[in-house]
Amino acid sequence: MPLWKRLKTLRRPTGIATPSMSTPIRQLLALITKSVDTLETACASSGVSIPDLNEPFAPPSEAFRTIPGAAEAVNIISAAALQLEAILAPPPLSLYHIVSGNFKSAALRICLESGVTEILREAGPQGLHVKDIAAKNGQDAEKLARFIRYLATHHVYREVSPNVFANNRISSMMDTLKPSREILADPEHKHEKTMGLAALASHHLDETFQASAYAWETLVDPATARSGDQCDAALTRAMGSKETLWQLYARPEEKLRHDRFQIGMQGVEAMQPADAVVKAFDWAVLPPKSLVVDVGGGVGTSCLPLATKFPDLRFVVQDLKGVIDQGKELWNTKLPAAINSGQVTLQVHDFFTPQPQTGASIFLLKQIMHDWSDENCKKILTHLWDAAGSDTRLLLFDTIMPLTCHDPSADDPKGIPGAAPVSEAPAPLLANYGAVSEMAYTADFVMFALFNSQERTAMHLVELLRQVGWKITAIHRQPGDSTFLQCVEARKDTPLFIRFNNTDPG
Ligand SMILES: C[S@@+](CC[C@H](N)C(=O)[O-])C[C@H]1O[C@@H](n2cnc3c(N)ncnc32)[C@H](O)[C@@H]1O
């Protein structure tokens, strides 16, 4: 956002300045007051109420976020409240909110794995004494009370009366919605046929949590500090073997972790709109018969809606053999005509080998780059460069990491369109809305810990692509997607580019 626009947001809504207005806490308070007004007005005019923290989560309670202006107001209120705390709380306390992250994670894991949320759902709003919770899940009541109370201190669960706990909006996110007796008797299958968030949390609190404990050891060891190899990720230290996550999951004794991961990923997938790829790029500009190659396309989830909406385009979905075999089953069920007519081809292809499709209009890579380190991404992109023509577009769908400060590319009229986020938070908030953007930074850390890879900022991507002969021409963002999936469009940077001089990452 240009400087003049950000300064405008600093003005007091009433236009009357007082000396105290210049302090950051007054500015934050003003932002909160203004945004609460916006939120309440929007909710009142739509007949929607703001959720009660003490009520368990239910999808309709999120309806208020869809009212125009409400989501932005909520982001500002949340970011301002967190920033007020950072200013006013004693610094050691603020630091310990971070230092103690692992303790909170451990307490949460205990409650998640011992079915506390399911037990409390069955108890209802009056809650249940911890002795009765412990009688059901077999835990030590006194220890359990300490962990639940620690979480309740951070608004996960609530203590209704001494040692009596109940669910709230946040603790109920871990609910598998199954009978507690069933999940406690058969914990190995508790995540099957669930929405996937509890599975995702369980995965993050287990192997990812353990891997993150070895982050520093990985970075201080010269053998792994600068490696981009998945076998050098922190995970391998935690697991005591030089295996990638996929190799680990392939072991028969790791089947439960593997299945839990898959369920968690389906949950993440479900959070993305099915038509995200359709909307992110103007596919109608492609002439009939243009070829779209979905590289590492999985079972073809992105191409399904595209092939349906654009029957004149041709598609090749590429992935490793096992995935392509699964894809054949999916397409034969969902859109067999596309396979039978030749509109869609499923092809086994390892993207670290030369790209066989040389006539592509589009190389589409969705959530591929973030799985790989820069050195590996360059190998993938180089094979695509070799197969691309001067009109081929490269489309990368990934999360573009926002900066915490103002993004100067927003002020450059000659810069890449869409390089900066659609909106930045008004000052004095952090430009990325601070911890409101937590999920993107969590994803980045997970990529580091498990895969030695990362989510990237726009400027990182510009440089990475430049080194292997691609030039970013636009970043397509949709309103409200500032930290989720964006579409980076690039073209071959020829004829100026001479690859053999530029591939050296150093
Ligand atoms: C995060 S998934 C993304 C799948 C798909 N693009 C989507 O967004 O649904 C990563 C995909 O990369 C595939 N993959 C991993 N290594 C590969 C390789 N060397 N060659 C081709 N595909 C690979 C995986 O099988 C998986 O389907």
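What follows is calculated from the coordinates using simple rules that are stated; it is not laboratory data. Computed from a predicted structure; not experimentally measured. Positions of Cβ are generated from backbone atoms using ideal geometry, with glycine treated the same way; all protein chains shown enter the neighbour counts.
Side notes on the structure shown:
- Extended-chain gain in nm, criterion 0.36 nm per residue less alpha-carbon gap, LYS334 and SER105: 78.4 nm
- Dimensions of the chain from C-alpha coordinates, computed as largest minus smallest value along each principal axis and given longest first, are 71, 65, 52 Å.
- Rounded to the nearest 20, the size of the Cβ-charge dipole of the range 49-141 about its Cα centre is 180 debye, with Lys and Arg at +1 and Asp and Glu at -1.
- Beta bridges per DSSP, both residues in the chain: antiparallel share near 45 percent.
- Backbone N atoms of the range 344-360 closer than 15 Å to the 7 Å Cα→Cβ label point of SER227 are not found in any residue.
- Relative contact order for the chain, counting Cα pairs under 8 Å that sit 6 or more residues apart, in percent: 13 percent
- Computed per residue of the chain from DSSP H runs no shorter than four, each worth -39500 (n - 2.57), the mean residue ellipticity at 222 nm is -13000 deg cm²/dmol.
- Leading residue at positive end of dipole, the chain (Cβ point charges), from SER227, ALA185, LEU39: LEU39
- In the chain, the longest principal axis of the Cα atoms and the axis of helix 458-467 are about 30 degrees apart.
- The alpha-carbon of LYS104 sits under 20 angstrom from the alpha-carbons of these lysines, leaving out residues fewer than 8 places away in its chain: LYS143.
- Set of lysines with alpha-carbon distance to LYS321 below 16 Å, sequence-local pairs under 8 removed: none
- Cα-Cα over 21 Å, subset of LYS289/LYS309; LYS379/LYS471; LYS136/LYS190; LYS414/LYS492; LYS190/LYS334; LYS136/LYS178: LYS190/LYS334
- Fully extended contour minus Cα-Cα distance, from GLU269 to ALA81, at 0.36 nm per residue: 64.7 nm
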